[in-house]
Structure formats: structure tokens, C-alpha cells
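Novice: Sharing a structure here in C-alpha cells format.
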Amino acid sequence: MTSEPLFASGKTSVNGKGLSLVPKTDVKQSLKDFKSDQEVRWCPGCGDYAILAAVQSFLPELGLKRENIVFVSGIGCSSRFPYYLNTYGFHSIHGRAPAIATGLAASRPDLSVWVITGDGDALSIGGNHLIHALRRNVNLNILLFNNRIYGLTKGQYSPTSEVGKITKSTPMGSLDKPFNPISLAIGAEASFVARTIDSDRKHLQSVLREATAHRGTSLVEIYQNCNIFNDNAFEQLKDPEVRDDITVRLEHGQPIASASKAVVRAASGGLEVVARDSVSDDRILVHDAHNPDPSVAFALSRLDEPAFEHVPIGIFRQVSRPAYDTLMAEQLDEAATRTGAGDLSELLLGGDTWRIG
Amino acid sequence: MTKQVQQLDRVIIRFAGDSGDGMQLTGDRFTAGTAEFGNDLSTLPNFPAEIRAPAGTLPGVSSFQLHFADHDILTPGDAPNVLVAMNPAALKANLGDLPRGADIIANTDEFTKRNLQKVGYATSPLEDDSLSEWRVHAVPLTSLTVKALEDFDLSKKDAERSKNMFALGLLSWLYHRPTEHTIKFLEQKFAKKPDIAKANIAAFQAGWNFGETTEGFSVSYEVKPARLAPGVYRNISGNQALAYGLIAASVQSKLPLFLGSYPITPASDILHELSKHKRFGIRTFQAEDEIAGVGAALGAAFGGALGVTTTSGPGVALKAETVGLAVTTELPLIVVDVQRAGPSTGMPTKTEQTDLLMAMYGRNGESPVPIVAPMSPSDCFDAAIEAARIAVKYRTPVMLLSDGYLANGSEPWRLPEIADLPDISQEFTTAPNGEEGTFLPFKRDTETLARPWAIPGTPGLEHRIGGIEKADGTGNISYDPANHDLMVRTRAAKIAGIDVPDLEVDDPDGDARVLVIGWGSTYGPIAAAVRRIRKGGGKVAQTHLRHLNPLPANTGEILKRYDKVLLPEINLGQLALLLRARYLVDVISYNRVRGLPFKAEELAGVIQDVINSDQ
């Protein structure tokens, strides 16, 4: 008795195209197709609404069969996200979505698997799963909603809250240095790392477009406003008065600069931000998201330290590396090619056997 | 010199040495020869958790016990007839288990002043009178090996390494074991180092020849092959049988196997074994931690795989929340717990049955999980298929409770006919089950109460599941009090209603007044003890639980049939607590938690005491 491969294996070689193994639909889709019948229950004014609408209106563009899309989430306000999308969805437990999604995506290359998580979910309780998902490079799109606060538990500081944050659990100010999710992801060998913001749908969708085209794990940090417990955390990036000066847009092949500032190589070997009119154009660093060396991308991720003086948004890093699910499927194919498909009877008889009677 | 040959019906040998002496390999090879010869057998490896404890010390002692006989046997034996002691530590650590009159084969080369001091011997027990009640064969195993390998271009240290093969050769002569298999094995094992292969074979043959020529051994022993049921046999350990059972479950359920696992003693060998069989389409995922192991397995199950995670007690503790998620999302999942001595890290290489209550209740909320426990190493194969059958049919996580004794112990296994294996496949749901083409992910099968299993990729059945309480039928988030009560009761009723076979009682004359009941790995020692009682004319009935949740429907009726019910467990009475609570029967507990299996003689004494107290 032999067993046939039961699901699509990795026989197709996949270069670059993130969702090339996911079946396409002939039907024209619209935003409406991706709305579930469930009433959306975030606080009025929450940034999650904008992200949901952006994702719902982006998905038709992919042209995938709706039934081959899965949203997996952890616990937190953002993790309610799957209930509002008319795809398959799994609202799991705190911090574990990357692990659950890894099992799903590694065994089903024909699915577009998304992870919806927050700063507490991904970086505190689920930190271990996040970093290992990134280094493994399973075909996942991870959207990390960063509001720099715990919302669902009603306002404690989070692993991305600034030092000194006054909250219910830190009445005299928080003591621990926050994580920078982009630095963390680059350090964890992520092959695709980007940042965007809830209020800029166009930019958000442009990042999603690249993230879904990337085969492997993509991490997209989305600055998301929690208007109840941490309102205006990203106000500088939205305020028309200052946002163009603060926001440093990263575009592959383009000079890295805001309206008034530019990024140049520092004498120290790192990067520094200078007034744009103080340097000639040829001194401005040109962004190379595909650079195999992650050190420049890492340096870019540090530009916003310590305060939000200049904040890069866009794709920090996008390098091609074989996806774990592809490699795993190739091993199965190779084993079957080398020794033939599994045969149970042969397996049981495989050791030293003897006959009685 | 003609040597006397004595017939024996059974022998128990224990090989003991330093953990670097290769005792497990020696035991394995002797076992293979014994299996080939056709004896029934049972083995018990016993090794330290440390990979290489300091040489020559008591914590570094590793041993392998083998019981073989001309009839069917149930346990690795209580007390060895022969101890092979490769150094003073091995002698000291094992002497307490050795009955007076037993043989000791001691490697005199290692009984140096320094080695004796390491374990607190003031004088050599081989030279003082302390071993006068045993039959000591003092053999310079190391120097004889080195001498036998003089012609090989080997360093003294490398030559000394072959002393375990010399010992194996000697024992093979002593018990008339066939030699061809061991020679072939060594050729294959060292195929890339033919010199080492030849040296080991030479050492093995020198050991055999030494037995034949030396005056130190005047008698050799013969144990006739056992009359076992006709069929094809192989020797198998519990972990290997369990891995094969999971592969068979994948084939018989027509579901691809996905194993998410994190290395942990004594379960890692299942991960190793399954990793070798990728040609069956098996995906083995070594996760970053125990939680990710079970999480990935559950994610794969959501996608339509047979999701499995393998671990031991500490890992089960970490996985509890995810198992709860599997309970409430009602997805198939197999959680293999190869129990070991606890609490906490406990004694990783020692056995125990102490995770039963954790398997039953170790999750938040009302979170019922079926439990299956294999009763012998080879039964791990069938138990794995049974766990998968329940998981798939009822869409539930299932706990499979093996333990260190079953995992590493081995016995001959009569191979099943593939055609006789149960078909455990279930159809995925592919069509809407609600009004107007809607899909209700929690609309249940009226008989099994299982919910539909509709996997991503199925058009029209897009749905969302999660850890928040779901409304009956639709699966939408619900905080409705009456709905929660209904869902809690329905999940409980689903598990309580699982079709498990009735308990069978072994009571040859049908007039026993005392019942001994057990579960899991204690089957062998209990059954061996029951045989002893019956041989002595005593009356005792025996029954054994493979399903711990739900319990077989006739359990209560059986328990109430007897004057006395005795329940030996390698814990402090966990099943006893459940049986007493459930059936209000005054179960008599017998408990030892020494990290070792029960001995048949010990249990026979306990059973006899209960019989006596009944009169």
C-alpha cells in the first residue's frame, strides 16, 4: 500500500512571487466580498478600522480564491481582525499565532496565510515565536499593529512603550527600554521588514503589495493609534505641520530624505540625519532594500531613536531567501524520489524480522 | 575439555558499565541475537540523564536488562541471574538487585585502586569475602580485548573500546546465541571504517572463544525457543512502535502527518524516527519550544493534517493552553506524553505514571480530553492508531500516555496484517449545512456530536474559529449565559460518548473475589504477578484500562463485582482517585514512585496480602 502526496507539495520552484502557489479566481472581487457578517466591535475612532478597510480593499487586487486565504491572530484588540474578514480565520491564543500559522503554512503552500498581531502579542508573550518565524522564513504575512500600549487589558504599558510611560501598572513611569520591532526583526534574520501607518491607506497598501509579492515571512509594522489608552502616539507623523519633515520615506533606489532632512553616512561609520540643504544630492544615501548586508537597514531602523524626530517608513529590507515551506516540501519530494513513496508493509518489515510457525 | 550444557527455561541478564562503555549497544545486540533465536523476551534499559557523567562514578552507570525465555513472558524480569559489571561502580550500583547465588562477570582490569576509591570500596570486593554468596567470574575483559587486537593497527585506547564486544561474545557463547547477525551488524555499522569493523568482530569472536576454552566457565546454558503465535516478528521499543503507529494512522486516515515537537527525554526518539520517513509525506517540525510544537500541529490540523505533538510531562504543562484551544475549536490533535519522573525536571530518564490527572484536568475551564494509554511497548503501535481514530472521528485533542518504561523497553512484536488495520478516515465537509447555502461550523453530527471539519481551500465554507466561546451552530462569538452552559455540556457529552470498547476481565475460573486493575505500562508486571498467584493456587481476576477517558461503560459494574479491588500505580493513587470518585468503590491503592517499573514478585506479595485479608 502506498500513500500519495495528499496536498500540493513544493515541486514548483518559487522565485520571488509570494503567492504563486495560491490558486487564482476568475471572479472579479470587491471589498464587499471580504466583509464578514459580523459587526465590527472596536472602540469608535480606533486605528484598527482604517487598517481593516485598507486590507479589505487591498485583497481583491490579489485575485486569489477567497477560500485559500487564512487570517490567524493571537489575543488583543487587533486579534479580533479575522472575525471581520470573509475568509478562513483562526483567532488563537496570546502570542502563539506565528506558531499556529507556521504549521498551517508549512503544510499548505496553496494558502495565503496572514498573521494579525499587536505589540504585546508579538513582542511580549509571543516574542519567541515571532523571532523564530522570521528566521525560518515560512510563507507568512505578519501585520504587527503597534499602538505602544495594552488596549484589551485596559491600558498597561507595552514592550514598545517609551521609557517613563505612566500607566495603571506603572504609576511612577515604566522602567524598561522598549523594543524597536524593525531592529528586532532585522536582527532575527527577517527577509522582509517594513513599516507603515494606519492613517495612510495608500502607503499601507503599497507595503502590503510588496509584502504579498515576497515569498517567505514578511513583517509589516503598522503604527496604529489607540485613541482610548494612548491617543496621538504617532501624531507627529499625521500632523500636516510637521509630518513631511519627520517622515523619511524609504523607497528602493531613491535618496533617503524627508522634506527638510536627509540621511547620509556618518564619519563614525553609521548613519546620520542632516539638514537637506546642507548636503549635495550625491551625498544623500540611496536606499537599497535588497542589500544582503543588513547593517544599513538596521542603522535606518535606529534613526527614530530615542524620540520620533525622524521616522523612516517603507520597506527597510527585502531579500530573497528560500522559504521554509518550500524547502520542507522539497525534502519530502526528494525522499520519495530517492526511495519511492512510503509503503507501510515495507516499513514494518524493515527491521530484523523472524517467522514463527 | 567438554563442557556441560544446562537447560534453563528463562534467564535475566543485566549488562552494566560506565555510560561510555557501550552497554546499551551490547544489550541491543544480545537482544537481536535472542530475538533471532526465537526466545520471547523483554528488555529494560536504564541509563543516566547525563550524557557522560564522570567516568567510573555511580551516577555514570548505565545498564541494560534482558529477560528471555522458552515461553511467553511479560516483563524484563525482577532480579538478574547474571550481572556483567564492567567496573566497580557498575557492581556497586547493581549488587542490591542481585539475588544470592547469581552469577557476576566482573571486568577485573577496571578494579583498580582509584576506581575502587571512586565508589567507596576500601578493598576490592573481588578479593575480599564480600561476594562469597555470589558466583563471581573474574575476567580481565579489557586486557584480553587488547591482547586479541594486538595485530590491529589500533591505539590501546581504541582497542580497549571493543571490550563491550568481547563481553558480548562471551555472553553469546554462554547462552548459545547465534553470532551471524552481530557480525553482519558490525560490518554495516562500521562500513566506512572497515578496520574498526574487523577489530570489533575480532573482539566479539575472542570473547566467544574465551568462553569455550577458559576453565572459568564450565557450564553453558540453553534456553529453547518459545512457542509464540505464528507470524512474522520483530523486536520493537515503545517509542519506535508509537512512531510506526502514527505513520500507520496517517495512512489509515488518509491524512498527511504533521509533527510539531521540541526535543525532550524520553520522547525525542519519536521525533527522530518520524523524521526518517519523509517519503510518507510526513512533515516533522522541530519547533522553537513546546508551545510552538503543539501550536504548529494545531495549525496544520486546521489545514487538514493529522496534527501530532510529542513530549514528556514538562512539555505537556507548557502545551496546556493550546490543548485547551484545540478542545474549544474542536480540531483533531494527538498529544503524546511519554511520562517521566517529576515534578519539574524530576528524573528525565526514569519512568512514572504521574501525568494522568494532568492529562485529565490540567487545563483551564471545563476542558475534557480523551486519554489512551498503551500497555506494552508493541501496544504503542495500536494505541497510536486508536488515539488518531478518536481525534479524527470526534474532532478533539487526544492524550496518548506512554512512559519511559514503554518508550525504551522492547519486546518481540508480531507484525499486524496491513489489511487488518482499521480504516479511520473521515470525510472533510465540502458542502454548506445551513439554510440558504450557509455554513454552520458548529452544527454537530447528531450521533457523535462532532462538528464539521471544513478546511481552508474549500469554497463557500469560509468560517472563523477561535478560543472565545462560540454560539452553538454558527460559531460566532457568544457571551450568552445559556449558550455557554450548553456548549460546556455538549463538549463534555461528546467526550463522554466516545465509543470505547468494554473492559474484559481475565478470571480463568470465574470465582475470584479479588480484582487487580491497572492502566498503561503496569500491565506486564501485574499480569506476571497474577500468574504467580494462580500458579500457587490463588484466585485473582485481572483487568486493564487502555482508555482512561472516557472509561469503558462497564467499568463500574466490574469494580462492584468483587470483594476487593487492588490498583497498583506508579504514582500516589491518581487513577484510584478517579475510580473512587466516579464509582464510589473502595479501591485499594498500591503505589511506588521509584522511577522504575513494578516487580512481579513485589506485586504478587501485595495481591496475596489482599487475598488473605479477604478471608
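Novice: Hey, got a sec? Which GluC sites (Glu not before Pro) in the range A:14-81 land in a DSSP loop and have at most 14 other Cβ atoms within 10 Å? Numbers along the way, then the final one.
Specialist: Details: sites: A:Glu39, A:Glu61, A:Glu67; in loops: A:Glu39.
Sites meeting the loop and neighbour criteria: A:Glu39.
Novice: So which GluC sites (Glu not before Pro) in the range A:306-357 end up in coil per DSSP with only 16 or fewer other C-beta atoms within 10 Å? Walk me through the numbers on the way to the answer.
Specialist: Values: sites: A:Glu309, A:Glu330, A:Glu334, A:Glu346; in loops: A:Glu309.
Those that pass, being in a loop and sparsely packed, are A:Glu309.
Novice: Here's a follow-up. Using only protein heavy atoms and a 1.4 angstrom probe, determine the accessible area buried between A and B, summed over both sides, in Å² to the nearest 100. Display every interim value, and only then the final one.
Specialist: Working: alone 17700 and 26240 Å², together 38160 Å².
The contact between B and A buries close to 5800 Å².
Novice: Just the number please: accessible area per residue for the protein assembly as shown, 1.4 Å probe, all protein chains included, in Å².
Specialist: On the way: 38160 Å² over 972 residues.
With the other protein chains kept in place, the protein assembly as shown gives 39 Å² per residue.
Novice: Quick one: what are the phi-derived ³J(HN,Hα) couplings along the range A:211-220, Karplus 6.51/-1.76/1.60 with θ = phi - 60°, whole Hz, x for glycine and proline?
Specialist: 3J(HN,Hα) across the range A:211-220, in whole Hz: 5, 6, 6, 7, 8, x, 8, 10, 10, 10.
Novice: Determine the calculated [θ] at 222 nm for chain B from helices alone, applying -39500 (n - 2.57) to every DSSP H run no shorter than 4 residues and normalising by the residue count; nearest 500 deg cm²/dmol. Please report the intermediate quantities before stating the final value.
Specialist: Values: 20 runs with 225 residues, N = 615.
When only DSSP H runs of four or more count, the value is -11000 deg cm²/dmol.
Novice: Pull up all non-local amide H partners of B:Ile334: gap of 5 or more, or a different chain, and H-to-H distance under 5 Å with H placed in the peptide plane.
Specialist: B:Gly307, B:Val308, B:Thr309, B:Val398
Novice: So how do B:382-391, B:341-350 stack up, highest first, on mean other-Cβ count within 10 Å? The partial results should precede the final answer.
Specialist: On the way: B:382-391: 26.0, B:341-350: 16.7.
Ranking, from highest mean packing down: B:382-391, B:341-350.
Novice: Right, here's the next one. Hey, what did chain A get for relative contact order, percent, Cα under 8 Å, at least 6 apart? Write out the running numbers ahead of the final one.
Specialist: Numbers: 743 pairs, mean separation 62.8, N = 357.
Value for chain A: 18 percent.
Novice: Roughly how many percent of the accessible protein surface of the range B:514-613 is carbon and sulfur, given a 1.4 Å probe and a whole-percent answer? List each step's numbers first, then the result.
Specialist: On the way: 1990 of 3800 Å².
Ligands and nucleic acids excluded, carbon and sulfur reach 52 percent.
Novice: 5 Å is the cut-off here: which amide hydrogens, built 1.01 Å from N in the peptide plane, fall below it relative to B:Ile105, excluding neighbours closer than 5 in sequence?
Specialist: B:Leu83, B:Val84, B:Ala85, B:His137
Novice: How much accessible surface area, in Å² rounded to 10, belongs to the heavy atoms of B:Glu290 with a 1.4 Å probe?
Specialist: B:Glu290 has an accessible surface of roughly 10 Å² with all protein chains in place.
Novice: For chain B, what relative contact order do you get, as a whole percent, if you take Cα pairs closer than 8 Å and at least 6 residues apart? Each step should come with its number before you reach the end.
Specialist: On the way: 1364 pairs, mean separation 71.1, N = 615.
For chain B, the relative contact order is 12 percent.
Novice: Give the aspartates and glutamates whose C-alpha is closer than 18 Å to that of B:Lys393, dropping any in the same chain fewer than 8 places away, or say none.
Specialist: Filter leaves B:Glu330, B:Asp382, B:Asp423, B:Glu427, B:Asp445, B:Glu447, B:Asp499.
Novice: What is the range B:234-420's relative contact order, in percent, from Cα pairs under 8 angstrom and six or more apart in sequence? Provide the component values of the computation, followed by the final result.
Specialist: On the way: 444 pairs, mean separation 53.9, N = 187.
29 percent.
Novice: ³J(HN,Hα) across the range B:410-421 via Karplus (A = 6.51, B = -1.76, C = 1.60, θ = phi - 60°), whole Hz, x for Gly/Pro?
Specialist: For the range B:410-421, the Karplus-derived couplings read 9, 7, x, 10, 7, 5, x, 6, 4, 5, 8, 5 Hz, x marking Gly and Pro.
Novice: What share of the DSSP beta bridges in chain A is antiparallel, in percent to the nearest 5?
Specialist: Details: 18 of 50 bridges.
Among the beta bridges of chain A, antiparallel pairing accounts for roughly 35 percent.
Novice: Express in nm, to one decimal, how much length is gained between B:Ser155 and B:Val488 on full extension, taking 0.36 nm for each residue of separation and deducting their alpha carbon distance.
Specialist: Values: separation 333, 0.36 × 333 = 119.88 nm, distance 6.93 nm.
Taking 0.36 nm per residue and subtracting the Cα distance, the gain is 113.0 nm.
Novice: Tell me, what % of the accessible area of the range B:234-420 is carbon and sulfur with a 1.4 angstrom probe?
Specialist: Working: 2140 of 4250 Å².
With neighbouring chains kept in place, the figure for the range B:234-420 is 50 percent.
Novice: For the protein assembly as shown, just run the numbers: alpha carbon Rg, then divide by 2.2 N^0.38 Å, N being how many residues it has. Write out the running numbers ahead of the final one.
Specialist: Values: Rg = 32.6 Å, N = 972, 2.2 N^0.38 = 30.0 Å.
For the protein assembly as shown, the normalised Cα radius of gyration is 1.09.
Novice: If you place +1 on the Cβ of every Lys and Arg and -1 on the Cβ of every Asp and Glu, how big does the dipole about the Cα centre of chain B come out, in debye to the nearest 20?
Specialist: Numbers: 61 positive and 73 negative charges, 134 e Å.
I would put it at about 640 debye.
Novice: Please arrange A:Cys77, B:Cys380 by accessible surface area, largest first, computed with a 1.4 Å probe and ligands excluded. Working shown, then result.
Specialist: Values: A:Cys77 45, B:Cys380 0 Å².
The ordering from most to least exposed comes out as A:Cys77, B:Cys380.
Novice: Given +1 on the Cβ of Lys and Arg, -1 on the Cβ of Asp and Glu, and no further charges, what dipole in debye does the range B:368-425 carry about its Cα centre, rounded to the nearest 20?
Specialist: Details: 4 positive and 8 negative charges, 58 e Å.
So the magnitude is around 280 debye.
Novice: Go ahead and estimate [θ] at 222 nm for chain A from helices alone: -39,500 (n - 2.57) per DSSP H run with n ≥ 4, summed, over the residue count, rounded to 500. If you can, show how the numbers build up before the last one.
Specialist: Working: 9 runs with 89 residues, N = 357.
So the helix-based figure for chain A works out to -7500 deg cm²/dmol.
Novice: Let me ask something else. For the ranges B:10-18, A:297-305, B:25-33, B:530-538, what's the packing order if you count other beta-carbon atoms within 10 Å of each residue, average per peptide, and put the highest first? The partial results should precede the final answer.
Specialist: On the way: B:10-18: 24.9, A:297-305: 19.6, B:25-33: 22.6, B:530-538: 14.9.
So the peptides B:10-18, A:297-305, B:25-33, B:530-538, ranked by packing, come out B:10-18, B:25-33, A:297-305, B:530-538.
Novice: On to the next question. Name the long-range amide H neighbours of A:Ser73: under 5 Å, sequence gap of 5 or more, or other chain; modelled H, no Pro or chain starts.
Specialist: Residues meeting the criterion, in which the H sits 1.01 Å from N, are A:Phe90, A:His91, A:Ser92, A:Ile116.
Novice: Please count, across the range B:465-615, the pairs of lysine residues with Cα atoms under 19 Å apart that sit 8 or more places apart or on different chains. Show your work: numbers first, answer last.
Specialist: Values: B:Lys470/B:Lys494; B:Lys535/B:Lys599; B:Lys539/B:Lys560; B:Lys539/B:Lys564.
Taking the range B:465-615 as the scope, the lysine pair count is 4.
Novice: Next question, about the same structure. May I ask you to list the aspartates and glutamates whose Cα is less than 12 Å away from that of A:Lys238, ignoring any residue fewer than eight positions away on the same chain?
Specialist: Leaving aside aspartates and glutamates fewer than 8 places away in the same chain, those within reach of A:Lys238 are A:Asp198, A:Asp200.
Novice: Can you work out the Karplus-derived ³J(HN,Hα) for every residue in the range B:257-263? Use 6.51 cos²θ - 1.76 cosθ + 1.60 with θ = phi - 60°, whole Hz, and x for glycine or proline.
Specialist: Working through the residues one at a time gives 7, 10, 9, x, 8, 10, x Hz.
Novice: Report the Cα-based extents of the range B:514-613 along its three principal axes, largest first, to the nearest Å.
Specialist: Principal-axis extents of the range B:514-613 (Cα, largest first): 34, 31, 21 Å.
The values are calculated or read from the model by the stated rules, or taken from the named source; none is laboratory data. Quick caveat: nothing in here was measured; it's all calculated off a predicted structure. Using ideal geometry, Cβ is built from the backbone for each residue, glycine included, and neighbour counts are taken over all protein chains shown. Side chains are part of the model used for accessible areas, which takes the heavy atoms of the whole protein and leaves out ligands, DNA and RNA. Shrake-Rupley method; radii C 1.70, N 1.55, O 1.52, S 1.80 Å.
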